[in-house]
Amino acid sequence: MDKSWMTEPNRLRSPAYAAGVNNFLEMAQNHARGSDRIRCPCRICSNNLFLPLFIVESHLFINGIDLNYTEWIFHGEEETRNFDVDDEEVAVSDEDEFIDDMDNMLDDILAGTNIDVPQSSTPLLSWDSFPKSLPVSSFDELLEDARRPLFGGCTKFSKLSFIVKLLHIKTLGGWSIKSFDMLLNLLKSAFPDAELPLSYEDACSLERGLGFKYNKIHACPNDCILYWKEYSKLNSCPICKASRWMSTTNGTRVIPHKVLRHFPLKPRLQRLFLSTKIAAEMRWHKEKRVTDENFLRHPADSKSWKAFDEAHSWFANDPRNVRLGLASDGFNPFNNMAKPYSIWPVILVPYNLPPWLCMKDQFFMTSLIIPGPKSPGNDIDVYL
Ligand SMILES: [Zn+2]
Ligand SMILES: [Zn+2]
């Protein structure tokens, strides 16, 4: 839409401004779908107030439209997501955003698994001490496989990006696994050259192999306990007696009430120490931090950090100790506030890193996904 009218110098006499306001209000009215009030984007209201259309109109002439409001997302214009333009990150168009994200993510995973053999005489990491749980060579093969074009000459999709897109549509559309497999069969017979998975299970295993692996742990619907360790075999909650399973009409399938997704932390931490660069940054809080009593620049400057160090000197003395910040908030994964469904991701942030790294999203680690609909509140302890 034309927005040049926004900066017209003489609003009350400019036909261009009047026409612009008209077009804007028309779009806003369509967007409001029957409601008689819209957000007023004038310089005083700044979209904070919902006002009747005719008042918004007069505000737009008297106060003028807020010049910072250039993407009319509250009035029907599609939001174009812009990433913070960093050295590595560039704004991407909507259409390719998803796929570009995919590639960045693979780069992140790859950056975390590439092993820089230290040049010093005493290597920090030897192959013998290398954790057996990280099969690096097969991971590389898997990564290469995932990055292969969907078919010869295809530049738009890699094998992985296509599968992920397909799985995404399956989730959004609520397809059954059977219908997903049927579509795969159809696609395979229509496009025999395409590198498609054989089945839903096959598609998921590619994702899992790339480190998007998680454990499912059943939970009491009232957040009393997790069905693991001593409770793993129980069929109802020992505290509130609620059943572990949803009642099914024919009794052939048992569906758990609540399933926690747990993303194991150890391999994520091991990955941080696989790169010599990041491993060094992980000691920043101890080795490079400037200590100055008067300033709080990093969690390590805080009283609680110091109190912890005093109480646990054996832990504090090793610069490779790991401190994690924990954050959680509920959100609606389907971006639809009309649905009461929400999930509670628990995100961990390594506070060892310098301030300019520790809040970068590539270091955020998803640790748990607690299903909704309501906040676990203090019961979050059960999950932690
Ligand atoms: Zn206003
Ligand atoms: Zn319970």
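The values are calculated or read from the model by the stated rules, or taken from the named source; none is laboratory data. Nothing here was measured: the structure is a model prediction, and the numbers come from that model. Here the Cβ positions follow ideal geometry from the backbone for every residue, glycine too, while neighbour counts run over all protein chains shown. Calculation scope for accessible area: heavy atoms of the full protein, side chains included, ligands and nucleic acids excluded. Shrake-Rupley method; radii C 1.70, N 1.55, O 1.52, S 1.80 Å.
Key figures for this structure:
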{"read-out": "So N222, is it modelled with pLDDT under 90, surrounded by 14 or more Cβ atoms within 10 Å (Cβ to Cβ) and part of a loop (DSSP other than H, G, I, E, B)", "value": "yes"}
{"read-out": "Hits in the stretch 222-242 - residues which are more than 7 Å from ligand 2 (Cβ to nearest atom) and touching a Cys at 6+ places or on another chain (Cβ under 9 Å)", "value": "L226, Y227, Y231, S236, P238"}
{"read-out": "Residue count, the stretch 12-59 (criterion: assigned to a loop (DSSP other than H, G, I, E, B) and farther than 15 Å from Y69 by Cβ)", "value": "7"}
{"read-out": "Members of the stretch 274-304 found to be surrounded by 17 or more Cβ atoms within 10 Å (Cβ to Cβ) and either modelled with pLDDT under 80 or not assigned by TED's automatic domain parsing to the domain that holds L357 (or both), listed by number", "value": "L274, S275, T276"}
{"read-out": "Condition check for T249: at pLDDT below 80, out of contact with any helix residue (DSSP H, G or I) (no Cβ under 9 Å at 6 or more places or on another chain), open to solvent by 100 Å² or more (accessible area, probe 1.4 Å) and not charged (D, E, K, R)", "value": "yes"}
{"read-out": "Residues located in the stretch 224-240, provided they are among the aliphatic types (A, V, I, L, M) and either within 16 Å of ligand 1 (Cβ to nearest atom) or free of Cβ contacts under 8 Å to residues at least 60 places away in the same chain (or both)", "value": "L234, I239"}
{"read-out": "Scope the stretch 49-72; condition among the aromatic types (F, W, Y) and within 8 Å of ligand 1 (Cβ to nearest atom); matching residues", "value": "none"}
{"read-out": "Check on T276, in contact with an Asp or Glu (Cβ under 7 Å, 6 or more places away or on another chain) and under 26 Å from F363 (Cα atoms)", "value": "yes"}
{"read-out": "Selection status of A307, modelled with pLDDT under 90, of a type in the set (G, A, S) and surrounded by fewer than 16 Cβ atoms within 10 Å (Cβ to Cβ)", "value": "no"}
{"read-out": "Residues satisfying the stated conditions in the stretch 28-48, i.e. of a type in the set (A, V, I, L, M, F, W, C) and either more than 9 Å from ligand 1 (Cβ to nearest atom) or farther than 25 Å from P15 by Cβ (or both)", "value": "A28, A32, I38"}
